[in-house]
Amino acid sequence: MTTPRPAARSTAIGDTHPSLRERVYVELRERIIEGDYPAGLRLVEREIADELRVSRVPVREAMQRLESEGFLSVQPRRGSVVAGFGPRDAEHLFDVRENLEGLAARLAARHAPPAGLRDLERLLARARRAAESGRLREAVSLNADFHRHVVELSGNPLLVDLMAPLDSRLRRLFRLTSAQADGEPMCGAHERLYEAVRDRDEDGAEALARAHVADTRASAQRLLAALPDAGDPA
């Protein structure tokens, strides 16, 4: 069998679920992000459909969507293959993130309601506890949630829609580098950004967000360069 069955994530979805297409898409996307489907793996539509106990139609649609988002690539004589994520992919991601996350932070400082700020503070506290306890993978996941929540607090639904595909790529990047990442500096940068948003400092929030993306870019490039299997598959 070409497509493996991840023990922790294998689950039957069932054709009767009202959001079947979305659930199949999310399941396959999460397997790629979490590394259950590593770069270079060939995905076989029929095998995935059999495992999830669905027809091949939602699997095909999910794979087409993942291809359009850069998670899969179609290769001659191999079909759909999990795309790699290397330094060049990270560079493209950070080029876009620096501008959009700066805007998101500025708008969050302008529009974030008190309840949203409390949620952001709770995320920070959980990430800090995870980092201090050595649970780096959990800390990295919570820090990714922090970025997504800042975007949601911008109050701009178009920006939220634009950032959604980037969020999935960011999570994949963080997952690839989580074993080598240091959660402490990231927590500190997020705490300073939170304070600027809380204090309604729009200029400060945007500057901090841009600086944080720049710092993360340098760290991610260094960590990705040390991963021989993170680049595009041969």
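Name the residues whose placed amide hydrogens come within less than 5 Å of the amide hydrogen of Val44, ignoring near sequence neighbours (fewer than 5 apart) on the same chain.
Amide H neighbours of Val44, under 5 Å, 5+ apart: Thr3.
In deg cm²/dmol, rounded to 500, what helix-only [θ] at 222 nm does the chain give when every DSSP H run of at least 4 residues adds -39500 (n - 2.57) and the total is split over its residues?
-22500 deg cm²/dmol
If you line up the long axis of helix 114-132 against the longest principal axis of the chain, both from Cα atoms, how many degrees apart are they, to the nearest 10?
For 114-132 against the chain, the angle is about 70 degrees.
For the chain, what is the largest minus smallest coordinate of the Cα atoms on each principal axis, given in angstrom and ordered from greatest to least?
So the extents along the principal axes, rounded to whole Å, are 54, 41, 32.
Roughly to the nearest percent, how much of the accessible area of the chain is carbon and sulfur, given a 1.4 Å probe?
50
Under 5 Å between amide hydrogens, which residues at least 5 positions from Asp36 or on another chain qualify, with H placed 1.01 Å from N in the peptide plane?
Those qualifying (amide H under 5 Å, at least 5 residues apart or on another chain) number zero.
Enumerate the calculated ³J(HN,Hα) couplings along the stretch 20-25 in order (Karplus 6.51 cos²θ - 1.76 cosθ + 1.60, θ = phi - 60°), each rounded to whole Hz, writing x wherever the residue is Gly or Pro.
Values per residue, Gly and Pro as x: 4, 4, 5, 5, 5, 4 Hz.
If the label point is 7 Å along Cα→Cβ of Glu191, which residues in the stretch 109-131 have backbone nitrogen under 15 Å from it?
121-131
Report the gain in length on full extension from Asp50 to Arg21: 0.36 nm times residue separation, minus Cα-Cα distance, nm rounded to one decimal.
8.9 nm
When averaged across all projection directions, what area in nm² does the alpha-carbon convex hull of the stretch 106-160 cover?
So the Cα hull casts an average projection of 3.6 nm².
Normalised by the number of residues in the chain, what is the relative contact order in percent for Cα pairs under 8 Å and 6+ residues apart?
25
Tell me the accessible surface of Val151 in square angstrom (1.4 angstrom probe, heavy atoms of protein chains only), to the nearest ten.
10
Specify the angular offset, from 0 to 90 degrees and rounded to the nearest 10, of the alpha carbon long axis of helix 157-177 from the longest principal axis of the alpha carbons in the chain.
Once rounded, the angle reads 70 degrees.
Counting only the heavy atoms of the protein chains, how much of Leu103 is accessible to a 1.4 Å probe, in Å² to the nearest 10?
70
Relative to the compact globular guide of 2.2 N^0.38 Å, what is the alpha carbon radius of gyration of the stretch 125-230, as a ratio?
1.07
How much accessible area per residue does the stretch 101-154 have, in Å², with a 1.4 Å probe?
Normalised by residue count, the accessible surface of the stretch 101-154 is 45 Å².
The values are calculated or read from the model by the stated rules, or taken from the named source; none is laboratory data. Since we're looking at a predicted model, the values are computed, not measured. A quick note on method: Cβ atoms are made from the backbone with ideal geometry, for glycine too, and the neighbour counts reach across all protein chains shown. These area figures cover heavy atoms from the full protein model, side chains too; ligands, DNA and RNA do not enter into them. Shrake-Rupley method; radii C 1.70, N 1.55, O 1.52, S 1.80 Å.
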